[in-house]
Structures are given as structure tokens and as C-alpha cells.
2 protein chains.
Amino acid sequence: MSSDKAPVMSDVAARAGVSHQTVSRVLNSPDLVRPATRARVLRAIEELGYRPNLSARALATKRSRLIGVVYPSGLLFGPSHTTMAIQDAARAAGYTTVSASTEGATASPHDTLEFFLDLAVEGIVIVAPTTETAQAARRLAGSLPVVIIAAGLGAGTPAHVVAVDHQLGARLATEHLLARGHRDIVHIAGPENWFDARARIAGWRAALTDAGLPVPDVLPGGWDARTGYAVTRELVRRPSLPTAVFAANDLLALGAMRALHEAGLRIPEDVAVVGYDDVPGSDHYHPPLTTVRQPFAEVGHQAIEVLLAAIRWSEPGEVLSRPQLVVRRSSGPQPG
Amino acid sequence: MSSDKAPVMSDVAARAGVSHQTVSRVLNSPDLVRPATRARVLRAIEELGYRPNLSARALATKRSRLIGVVYPSGLLFGPSHTTMAIQDAARAAGYTTVSASTEGATASPHDTLEFFLDLAVEGIVIVAPTTETAQAARRLAGSLPVVIIAAGLGAGTPAHVVAVDHQLGARLATEHLLARGHRDIVHIAGPENWFDARARIAGWRAALTDAGLPVPDVLPGGWDARTGYAVTRELVRRPSLPTAVFAANDLLALGAMRALHEAGLRIPEDVAVVGYDDVPGSDHYHPPLTTVRQPFAEVGHQAIEVLLAAIRWSEPGEVLSRPQLVVRRSSGPQPG
DNA sequence: GGTCAGAATGTTAGCGTTAACGTCGACCGT
DNA sequence: ACGGTCGACGTTAACGCTAACATTCTGACC
């Protein structure tokens, strides 16, 4: 009858007839131990169901193998995808992720930081940051490798950046509308303290400017349907309507479409609508929504790749990946 | 100039003129140390910016203070909310959560289990399980406290159960439609291996039976809009249409509404629709969707409460919380 | 066959914390 | 004034692992 306690390294060593250090070596640098011994040790590990104690290992090596992930508590779609990809990638590399939402009622960025410091994380990934979280990140970056998932943080960012090129995404959306003959395209923006929102504004603006068109005022928005609805209700009261609306995300677009319907306008015949994100369901909106799909998972993987590199070496860099336009009914038929 | 290394307990002890054990006591059982000494120690901690090393603590106490959270990778809305609540509650209790999605391409339930065992989690919460994950949970429950967030797992479940009463939720939805005069109410179900989906079927069925109505066949579905669309397209081909559709979630309802629109049917005049979940945007669907809102956060908090109790004592129990009907346009006007 | 290099393994000493026990006073009753 | 009790604190020994160094073994070479 075997003891009921979890086996430790010396148990394995005893069973294999070697010292505990040899067991450690088999686990950490297998090449240093002769194949025959290695096999004996591995068999003993197997037979006993031995699992290394990670706390002890962390204590001895002074490496926690933990990565902190900060994400906005409000948004659940994109960040969830990215976070999952981050988890997978980290785990594949032998790291464990610990996540904490921020800017919720629950915890301030400062609390979150404390939390991560207590856990002795080796690095931090910040998903979809606002100006506030970026600032917190900046303080962090001195002492710890930080990867920020967002572009356009300004010069001198000491953190590594992995991002989707939202400026490109917004440009794709806008140019798509331009190609369909639209000349009066308004933009309902995301919250102004979000980098992602700013990038989309810039892309929309650039596309219009490149086409030699005047750039209308940005319609200040948010991320939710209610806001898109409210903003668009104001919009349809104006004497002259735009022929197309480009919304900073799909929920805004959804709200906008409701307001347009209620005003008796047809989509896309009277007003075309394009969203951003391709959230679940957007392909069944009324009408199905033309939108921009982000490579969420790709970004998550890249973030970990960059972070792990940063943990070993350093040198802040920037990685951009490309979003993709998804054309559906809301933006109208192929132009004649 | 202070040393650059992170201060450890003995540094604090030296500065406060006590032994390291006294510092430990101040942290763990403050009542055992005289107020004056305690104050000195606390000040030293403050001044040095000392943080206890969690690995060392875990090693000495044999308690990892880690909780594993398993959630389905497919669904992102509900689980995200619940997971966030779980994180908050756990953190408030001094625990850290580590999450892993399962049933994705990435990791089998078995891998996830291994992962958690390696981390030496003290307990596991399973969010929104299918029959498969429940089975894995059953194996686990012998060796580790497990809380499953779902009801109806069958007798003899060794795990603790925290759940939303989906049977009640489905009943509320169905009775709402009955109250509006509907007599022919079909149900588009979720995937059959989901406990939540089964409970909703049961609630719908019970409500119809209680009203003395025949129960039509369940329309087998899934969780996504595409399925709701496809199923409803079949439905509208039938010679006699139901007057109301109760869908197992909002995306199914969304897909159903699209199919109804395309068939030239008006919502709610020709066919009423009710969903489940109250996902973001459902209040701006076309028309705004009557649905059932789940207390996601509440469930998360309860899950941790129950799990922590289980970690100390034991005794599997069951906690149910109540969902809430949200009436909007898609289910029609108040009956005359 | 003895020497020596280098590979293979063993020994010892931490990592930073808590647990278990020991010590030292102060204060009580008599 | 003296033993006994209890509160406050110190000392020592784990916890399970890796790092650094010491030792033994292996085989090639002369």
C-alpha cells in the first residue's frame, strides 16, 4: 500500500535508485543524464504519478511562470477571444495566465497592479486599453515587461505593442462605401479615451481625405447599441442625411439601424451601414451587417510571443496585424 | 541606499528589531502580538515595501490559494460575466483564479484537468457544463471540491451545484406568451448535451402542460443565429404556423426573426418571439427582443462562496437563483 | 595498466515562509 | 517571597525544489 501523500522528488529518486538531483535533472535538462537512468527515473515518475511542486520550483528558481492579463470589464466579445488565445499560447510555453479586469467598479488599475505584483508575475499583457490603463502600463513598464494590445500610444512608449491595424480596418470600411458610390459618410465613434476608437476615426478620416472629400464632424459615441441609437436619432432629424454610416463597432451599428428603421429609412437603399468587429449575430441583423473582422486570436498569440521574448531579452517593438472586411447586405448591392 | 533586491521577511524583522517569526505572526495572527510591536512591524513593512512571497507561503502551508475555473470556449457572453464575478469574489477571499477553456480545439477536458492538478488548485468551478464536462467533473469531485454551475445533473452528483433556475426562466417566458393569448408556442432548443438547454425545454414543456395544452415537438437547435435561422426557415414552410417562438437563447431568436422577416411575417403581430440571456444588443434587435435575463454575477459569487465552504468542510449542496423576464416589443402588445 | 579528461551522479546549501516548540518575563495566589 | 500560569516573543526545523560544487565513474590514450 502506497502512502497517501502526494509523492515528492525524493520518493521518485528512491524508487529509481538515484539521488533527487538526478530526478530534477531528468525534468530540467534531460541531456545531462544517461538514457538508461533517465528511463528508470521516468518510469518511477510514471508509476508514482509524481507531479513537480510548482511552488517549490518557483521558490528555488525565483521565477513564478505567471503572466498577468488585464482586460476591460465592459467589453466582452473581442477581449474574450484574445484572452483565450493568450491563455493557450502562454500555457503552451509553460506559463499560466492570471487575469484581472480593470476600470470596472470592482478594482482600480492600481489594485490590479498590486495584485499582479503580489503574484510576482513575470510580465503583463494589457488588452484593449484606454488612455488611463495605458498610463498605468507606462509606470509598470519600467519594472516589468509589458505588452499593450493597441497601437497609437504615442512616442516613447516603453512597452511592447501588438495591435490590429484599426486605421486600416476603418479605411477598408470607408473605402468600401466610397466604392459603392457614397460621398457623404458619417462616423459614429467609440469612446474617446480608447485608442482603438481613435484609430478608427483616423482611418475613416484618411480614406475620405484621400478621396478628396470633406470630412464631416465625428459623431461622438461609445460602444453600446443604446448610444448608436441615440446618436442616429439625432442624425435623422438633420435637414440633409448622410448616405452612409460607419460605426466604430457592431453594437453601435445595430442601434443606428434601429433608429433608421424607426425613421422609415431603408437600409441600405436610403442609408448604408457598416460596423466593426463581426460579433456573433451580426450576420443575422436586419439587414445582415457589413463589418470588419479582427484577428483576435492571432493578436493574442502574438502578444504572448512578444512578451516571452521580452521576458528574456528586451527591446520594445511593434507588431501589427490586418483586419478584414466582411461584406454583407447592410452596405448595399454591388454598384452598377 | 537600500539594497535593490526585494525585501524579505527577515529584512523587515531586522528593521523592526524583532524576529522573522513575529513578522509572520503580524501577518497571519495579529492578535498574538502586542499592539506596540505590531505597529513597529507594520511600519517596517510599509517602509520597505515588503510583499510576502506567495510561493514560499504556499510551500510552507501546502495551500496554493488557487482556484481553477473551467468554461466553455464557444459561448462568450454569459460565461464571461460569471467568470468575472468569480474572479472578483475569489480575490476578495484571498484566492487567485486560473481559467481554462475546454471543449475547444485547444484542450481536452483531460488536459485541463492535468493543468489544474499541476497547479495544485484547491478547488474547481465549472461554468455552464455539457454532459461531457460534467462527467469529467464527476471524476474530479472525488479528490477535489468542485462546484458545477448548472442544475439537473442527476442524482448522486458528488459536486456542489450552483445554478440559475432555467426551468423557471423558460416557464416565465412561456407563461408570458400564454398570458398574451398564444396557444401554439414552439421552442427552438439549445444543444442537447447542455444541461442549461435541457432545463429550458423542461420549463417550456411544464408551462404548456400546466395550461392544458399539447406540447409540440422540440425544434433541435444550438446556440447560434445561423441555426435559429435555418430551423425557422423550415418552420415557416409548414402548413400551419405557430403564433409564438421561444428560443433557448437570444442568438437563436435573432436568427429566427430574420427567417420570419424574410418570409414576410410580422413580429410580433404574426409571430411573437422570445429569447433568453438578454445579450448586449438584444434591446435593439428588430424588434427589441423579449428575453430572460440571468443573474450571471450573482451566480459567480455564489459559486465561490460555496466552493470556499467546500474547501474547508464539505457536504455537496445546491443553490438556485432566479432569472428575470424582460418584456420588450417582440412578444407583442399587452393583450386587450 | 595508470593517468586524465569529461561525463554522470551525489552532496550540501539555500530559496522565504510557516509550524512546532522553547524561553523569558510579568503577574497571580498563598 | 515562591511556584505556577499565561502572554509575548525567539529558535529551529521543515516544506520541495534547484544551484553550485564535490565526487565517482567511464573510457581513451600512451
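The values are calculated or read from the model by the stated rules, or taken from the named source; none is laboratory data. It should be emphasised that the depicted structure is a prediction, and the values quoted were computed from it without experimental measurement. Ideal geometry is used to build each Cβ from the backbone, glycine not excepted, and the neighbour counts take in all protein chains shown. SASA here: full protein model, heavy atoms, side chains in, ligands and nucleic acids out. Shrake-Rupley method; radii C 1.70, N 1.55, O 1.52, S 1.80 Å.
Quick check, is A:ILE86 open to solvent by less than 50 Å² (accessible area, probe 1.4 Å), more than 16 Å from DNA strand C (Cβ to nearest atom) and at pLDDT 95 or above? Criteria not met by A:ILE86.
State the number of residues belonging to region B:284-296 that are touching a residue at least 24 places away in the same chain (Cβ under 8 Å), touching a Leu at 6+ places or on another chain (Cβ under 7 Å) and within 13 Å of chain A (Cβ to nearest Cβ). Step through it out loud before you land on a result.
At the first step, the residues of region B:284-296 found to be touching a residue at least 24 places away in the same chain (Cβ under 8 Å) are B:285-296.
If we keep only those that are touching a Leu at 6+ places or on another chain (Cβ under 7 Å) too, we end up with B:285, B:292.
Keeping just the survivors that are within 13 Å of chain A (Cβ to nearest Cβ) gives B:285.
Here the count works out to 1.
If you take the residues in region B:276-322 that are in a helix (DSSP H, G or I) and of a type in the set (Asp, Glu), which one is farthest from A:SER101 (Cα to Cα)? Step by step, filter region B:276-322, then rank; the result is B:ASP283. In region B:40-49 there is no residue that is open to solvent by 40 Å² or more (accessible area, probe 1.4 Å), in contact (Cβ under 8 Å) with a residue 60 or more places away in the chain and more than 14 Å from DNA strand D (Cβ to nearest atom). Within region A:31-46, the set of residues being among the hydrophobic types (A, V, I, L, M, F, W, C) and within 8 Å of DNA strand C (Cβ to nearest atom) comprises A:LEU32, A:VAL33, A:ALA36.
Scan region A:14-30 for residues that are more than 7 Å from DNA strand C (Cβ to nearest atom) and more than 14 Å from every other protein chain (Cβ to nearest Cβ) and jot them down. Before the answer, list the steps.
Within region A:14-30, the subset more than 7 Å from DNA strand C (Cβ to nearest atom) is A:14-16, A:23-24, A:26-30.
Residues satisfying the conditions are A:ALA14, A:ARG15, A:ALA16, A:VAL23, A:SER24, A:VAL26, A:ASN28, A:SER29, A:PRO30.
Cβ-Cβ distances below 7 Å connect the following pairs, each with a first residue in region A:52-64 that is open to solvent by less than 30 Å² (accessible area, probe 1.4 Å) and within 11 Å of DNA strand C (Cβ to nearest atom), a second residue that is among the basic types (Lys, Arg) and at pLDDT 95 or above, and a separation of six or more residues or different chains: A:ALA58/A:ARG65.
Residue-level check: of (1) more than 12 Å from DNA strand C (Cβ to nearest atom); (2) within 13 Å of chain B (Cβ to nearest Cβ); (3) outside any strand (DSSP E or B), A:ASP11 misses just (2). Screening A:LEU75 against (1) at the interface with another protein chain (Cβ under 10 Å from one of its Cβ atoms); (2) part of a helix (DSSP H, G or I); (3) among the hydrophobic types (A, V, I, L, M, F, W, C); (4) over 26 Å from B:VAL8 (Cα atoms) leaves a single unmet condition, (2).
Away from chain B (no Cβ under 13 Å), surrounded by fewer than 18 Cβ atoms within 10 Å (Cβ to Cβ) and closer than 23 Å to A:LEU172 by Cα: does that describe A:VAL245?
Details: away from chain B (no Cβ under 13 Å): yes; surrounded by fewer than 18 Cβ atoms within 10 Å (Cβ to Cβ): no; closer than 23 Å to A:LEU172 by Cα: yes.
Taking the combined requirement at face value, the residue does not satisfy it.
Checking the structure you have, find out if any residue of region B:93-116 is β-branched (Val, Ile, Thr), within 16 Å of DNA strand C (Cβ to nearest atom) and open to solvent by less than 40 Å² (accessible area, probe 1.4 Å).
Keep residues of region B:93-116 that are β-branched (Val, Ile, Thr), which gives B:96-98, B:102, B:106, B:112.
Checking which are within 16 Å of DNA strand C (Cβ to nearest atom) leaves us with B:96.
Next cut, open to solvent by less than 40 Å² (accessible area, probe 1.4 Å) only: B:96.
Yes; the residues of region B:93-116 include at least one that is β-branched (Val, Ile, Thr), within 16 Å of DNA strand C (Cβ to nearest atom) and open to solvent by less than 40 Å² (accessible area, probe 1.4 Å).
Okay, residues lined up against (1) under 22 Å from A:ARG65 (Cα atoms); (2) at the interface with another protein chain (Cβ under 10 Å from one of its Cβ atoms):
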{"residue": "A:THR83", "(1), (2)": "yes, yes"}
{"residue": "A:TYR95", "(1), (2)": "yes, no"}
{"residue": "A:VAL98", "(1), (2)": "yes, yes"}
{"residue": "A:SER108", "(1), (2)": "no, no"}
{"residue": "A:GLU114", "(1), (2)": "yes, yes"}
{"residue": "A:LEU117", "(1), (2)": "yes, yes"}
{"residue": "A:ILE124", "(1), (2)": "yes, no"}
{"residue": "A:THR131", "(1), (2)": "no, no"}
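Looking across region B:179-207, the residues that are open to solvent by less than 10 Å² (accessible area, probe 1.4 Å), in a helix (DSSP H, G or I) and within 17 Å of B:SER331 (Cα to Cα) come down to B:TRP204, B:ALA207.
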